[in-house]
Amino acid sequence: MNLRALQYLLALAEVRHFSRAAELCHVSQPTLSTQIRKLEDELDVQLVERHPRQVMLTPVGEEIVARARTLLGEVEAIRAIARRSRDPHSGTVRIGIFPTLAPYLLPHVVPAIRKAFPRLTLRLYEEKTEDVIEMLGQGRLDAGLLALPVSEEWLHSRILFEEPFVLAVPDHHPLARREFIDMTDLQDQELLLLEDGHCLRDQALEVCQLAGAQEKLDFHATSMETLRQMVAANTGITLMPTLAVKPPVAHTDNLVTRPFRQPGPKRTIAMAWRKTSALGEFLEELAGLFAAIDSELLDPGQTQEPTRPSA
């Protein structure tokens with residue numbers, strides 16, 4: 001079976017268009033179409049339904065695509081083993097990271113990784129947690145940065161650090177006058193939260209349940225930056241991870257953040273990879289660089305806004 005034909009099939013499954021799939025694979029459309037037709041002939045099944053404006057996979061095509069993702073992931077792992085036998089710190093590593101962590105953590109750790117492994121190509125994929133886990137299972141990622149707990153038994157996880165939450169409020173909100181926030185201060189408060197699918201939403205809901213707070217039901221944000229701007233617009237208050245309020249993130253007018261009195265709410269960040277991964281030893285080494293983040297960046301008491309006197 002031609003592995004290149006399987007790669008063409010995966011590209012077609014992703015974009016559902018022959019011309020765009022050919023562009024992704026850097027071949028002509030006739031070449032891609034011919035290879036997929038030969039694959040169908042070899043397997044003696046129809047993989048693709050061809051319509052003038054739409055390409056659909058047949059049920060057996062969908063099943064074969066799922067298997068092909070795993071197979072090609074293992075092929076890439078074999079190539080990675082061969083490359084690392086010659087140079088352990090070279091090649092490409094694909095890492096998934098969820099959106100409420102990626103833009104705030106990566107500027108602090110990627111320079112150190114590039115310095116430590118100058119021959120390494122780091123491919124970063126910003127995806128929701130459930131998608132990162134799915135891509136790990138399909139072999140499309142080598143590792144993922146996730147918030148614990150992770151229940152998948154086929155994953156090995158290495159704890160990197162604990163990131164406290166802070167409370168973000170408008171400048172003139174009564175809680176802005178506090179030096180520290182107690183969990184009891186959130187009782188009967190309404191919090192702005194992210195939409196379904198974000199792990200930060202689940203973590204914030206847990207805090208709401210513990211503190212007797214409620215979700216603001218008439219608003220669901222699609223990103224951390226939307227939450228930030230809605231607080232600044234006096235729409236409500238929210239929880240934010242500490243890294244999301246540290247430089248190089250710019251100061252937001254009419255928004256202040258306050259740390260919780262210890263022990264406050266926090267999330268545990270880990271790197272996870274398949275227990276069967278051939279890259280396990282190297283990923284453990286790479287995880288050490290992610291874990292080496294400056295402890296001051298995880299201090300919720302050091303924020304960009306001036307501290308008000310306690311009430």
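No lab work stands behind these numbers, since they all come straight from the coordinates. Here the structure is a predicted model, which is why all the values come from computation and not from measurement. Neighbour counts run over all protein chains shown; Cβ positions are idealised from the backbone, glycine included.
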Seminar exercise, completed: Taking r as the C-beta separation of Phe219 and Thr184 and R0 as 25 Å, the FRET efficiency to the nearest 0.05 is 0.55
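Considering Cα pairs under 8 angstrom that are at least six residues apart, work out the relative contact order of the chain and quote it in whole percent. Each step should come with its number before you reach the end.
Values: 505 pairs, mean separation 64.0, N = 311.
21 percent.
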For this session: Set Lys and Arg Cβ to +1 and Asp and Glu Cβ to -1, take the dipole of the chain about its Cα centre, and tell me which of His220, Ala80, His156 lies farthest positive.
Result: Ala80
Problem set entry | Phi-based couplings in Hz for the stretch 52-62 (Karplus 6.51, -1.76, 1.60; Gly and Pro marked x) | x, 10, 8, 10, 10, 8, 6, x, 5, x, 4
Problem set entry | Rel. contact order, % - alpha carbon contacts under 8 angstrom, at least six apart, the stretch 23-124 | 18 percent
Problem set entry | Value of [θ]222 nm, deg cm²/dmol, for the chain, DSSP H segments ≥ 4, -39500 (n - 2.57) each, nearest 500 | -12500 deg cm²/dmol
Exercise. If you stretched the chain out fully between Asp87 and Thr226, how much longer would it get, using 0.36 nm times the residue separation minus the C-alpha to C-alpha distance?
Worked result: 45.7 nm
Seminar exercise, completed: For semi-axes √(5λ) of the Cα gyration tensor in Å the list reads [x] 40, 23, 17; [y] 44, 24, 16; [z] 36, 23, 18; the calculated value is entry [y]
Seminar exercise, completed: Answer in debye to the nearest 20: the dipole magnitude of the chain about its Cα centre, from +1 Lys/Arg and -1 Asp/Glu charges placed on Cβ, is 1100 debye
For this session: Considering only DSSP beta bridges where both residues belong to the chain, give the percentage that are antiparallel (nearest 5).
Result: 60 percent
Seminar exercise, completed: In this structure, the FRET efficiency calculated for Arg37 and Arg158 from their beta-carbon separation, with R0 = 41 Å, to the nearest 0.05, is 0.35
Problem set entry | Hull volume in cubic angstrom per residue (convex hull over the Cα atoms of the stretch 3-80) | 87 Å³
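How far, in nm, would the chain grow between Glu23 and Glu285 when pulled straight, counting 0.36 nm per residue and subtracting the alpha carbon separation? Could you put the intermediate results ahead of the total?
Values: separation 262, 0.36 × 262 = 94.32 nm, distance 3.60 nm.
Value of the extension gain: 90.7 nm.
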Seminar exercise, completed: Taking a label point 7 Å from the Cα of Leu210 along Cα-to-Cβ, the residues of the stretch 255-291 whose backbone nitrogen sits under 13 Å from it are 260-268
For this session: Find the relative contact order for the stretch 162-266 and round it to a whole percent, using C-alpha pairs within less than 8 Å whose residues are 6+ positions apart.
Result: 49 percent
Exercise. Applying 1/(1 + (r/R0)^6) with R0 = 35 Å to the Cβ-Cβ distance of Ser151 and Gln54, what FRET efficiency is obtained, to the nearest 0.05?
Worked result: 0.40
For this session: Which order do the peptides 58-68, 166-176 take when ranked by the mean count of other beta-carbon atoms within 10 Å per residue, highest first?
Result: 166-176, 58-68
